[in-house]
């Protein structure tokens, strides 16, 4: 079964339609607070959405809907405007969920950490619902963590020494809370924590060791010093005081987990963090602080569909400008009318680019347009200057259109924003050609079946599939290419060379394999999707035909 973002293509439209219906019901309930059936229908819609997302294993989205359902259930009917804020929060959450699902679909995986601020915003409207910690989605268990990785001491700390060290830590903590700067506060706190390791018991010494690494992570990895992270170090101070009074007290494991999460976010320059990572065998979060903040910005910024629409409108404007330049260069039509129209189009273009913060190209268009004020018939050099500026703007618009996809794939691959736009466009063209080759092969197989097994319809199928295979190899999709190769081998060897007439069930299995590759390519055109489920389906289909794909575990 296809799960996760791979299956979002199958249910996206239905999900978005359902979310729009629930949002409409909530808006109606805001206006008619006496109609409890509207709220009840909204709750039922949220529960259905939650069930769908849980079924396809989108953990973060399903948890957000759990919180939305709980909040909607807590809202009483017949209340006044004091309940408008929770209802508005539900509408905001639905909007954010749509953006999140689109981003997850483009990225090929979900990143539930992006939903944590909205989940906590919803929880603030529920009595007794504490905010979830930053590490909520980090795959590290709360219980069972090693608590005695540092030797520590067995005797009680000297009261005077302990008081002095705690005062040292508190002075640094005060500077941290006042945001005096980590460079001033961190050395004092680090010194106190190192001394605590030598005068407290093993479990508390271990917690101080991890806290020192977390503080170093904040200092060296440029992690954001949020109020929640400040509270962690204030909580550590209270924990130290509690353990000094009674060494038998249990260690605050949730605090330890949050500190370990900060350590996991550190970069490779943090040496103490690397020691803690090895000692606790911390899993890689899969992102850095900068990457997750970039993802937050994209989630809150203009949507992918909006950017596509803007880019498409700009491309239409640029195409019209190219046509006008061509008319002026050939001295065709009415030059004065064409020049006037061209000036208006160029002005709209550079102003739009400026609004989109594409400054360099905007200034280039503006400067080129100024040259046209002195243009005379036959001045090709001025037209070429405008054309160069327009082509640069077109490239910038194409980059704008692809910015969301490039950013997500760059973060997922960990390689930065590096793929040239031209290569991206070539990949899209090659994928489209591969899709056309698969469609041609499927039509030929259908014609073969309808003609009473006339092999003439299949003669061009193996060469077409081998062409598709070559394209997939070029794209780096070797596993899919192997599937296509074995499908071509089955048609060539079994149906053409040995002239065996396959059973209907065999042809259906072959169609299953080709359809799976079609789905894979359709998804790959938008993002680097998870390939395991759909390619495994294609490989199993060919193995059933006796043409197991090399390297397939089921072979």
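Counting each DSSP H run of 4 or more residues in the chain as -39500 (n - 2.57), what helix-only mean residue ellipticity at 222 nm follows after dividing by all residues, to the nearest 500 deg cm²/dmol?
-23500 deg cm²/dmol
Hey, quick one: spin label on residue 147, modelled 7 Å out along Cα-Cβ, who in the range 190-212 has an amide N within reach, i.e. under 12 Å?
The answer is 202-207, whose backbone nitrogens lie closer than 12 Å to the label point.
For a distance above 17 Å, tell me the whole-number percent of Cα pairs in the range 4-123 that qualify.
Counting pairs separated by more than 17 Å, the tail of P(r) holds 51 percent.
Could you tell me what fraction of 2.2 N^0.38 Å the Cα radius of gyration of the range 189-239 comes to, as a two-decimal ratio?
Against the empirical 2.2 N^0.38 Å value, I get 1.13 for the range 189-239.
What FRET efficiency, computed as 1/(1 + (r/R0)^6) with R0 = 45 Å and r the Cβ-Cβ distance, is obtained for residue 31 and residue 54, rounded to the nearest 0.05?
Numbers: r = 31 Å, r/R0 = 0.70.
That gives a FRET efficiency of 0.90.
Stokes-Einstein at 4 °C, 1.567 mPa s, Kirkwood radius from Cα pairs: D for the chain in µm² s⁻¹?
Result for D is 45 µm²/s.
Let's test the formula: R0 of 30 Å, r as the Cβ-Cβ distance of residue 332 and residue 436. What FRET efficiency results, to the nearest 0.05?
0.25
Gap in Å between the Cα centre of the range 182-217 and the Cα centre of the range 1-73?
Measuring centre to centre over Cα atoms gives 45 Å.
If each Cα of the range 184-310 is one equal point scatterer, what is log10 of I(q)/I(0) from the Debye formula at q = 0.11, 0.23 Å⁻¹?
Those come out to -0.44, -1.42, one per q.
Within 10 Å of each residue's Cβ, count the other Cβ atoms and sort 199, 91 from fewest upward. Before the final figure, lay out each step's value.
On the way: 199 19, 91 15.
Sorted ascending by nearby Cβ count, the order is 91, 199.
Over the range 240-322, one equal point on each Cα, no solvent: what is log10 I(q)/I(0) by the Debye formula at q = 0.14, 0.21 Å⁻¹?
Treating every Cα as an identical point scatterer, log10 I(q)/I(0) equals -0.72, -1.01.
Using only the alpha-carbon atoms, how far is helix 335-355 inclined from the longest principal axis of the chain? Give it as 0 to 90 degrees, nearest 10.
So the helix axis and the longest Cα principal axis differ by about 20 degrees.
How far apart, in nm, are two points set 7 Å out from the Cα along the Cα-to-Cβ line at residue 508 and at residue 478?
3.5 nm
If you take the beta carbon distance between residue 91 and residue 426 as r and set R0 to 41 Å, what does 1/(1 + (r/R0)^6) give as a FRET efficiency, to the nearest 0.05?
0.45
Measure nothing but the geometry: give the 0 to 90° angle between the long axis through the Cα atoms of 182-199 and the longest principal axis through the Cα atoms of the chain, rounded to 10°.
That works out to roughly 60 degrees.
So for 7, 338, fewest C-beta neighbours within 10 Å to most, what's the order?
338, 7
Could you line up 330, 469 from fewest to most neighbouring Cβ atoms inside 10 Å?
330, 469
Computed from the coordinates by the stated procedures, all read-outs in this text should not be read as laboratory data. On a predicted model such as this, the values are computed, not experimentally measured, just so you know. Cβ atoms come from the backbone with ideal geometry, glycine included; neighbour counts cover every protein chain shown.
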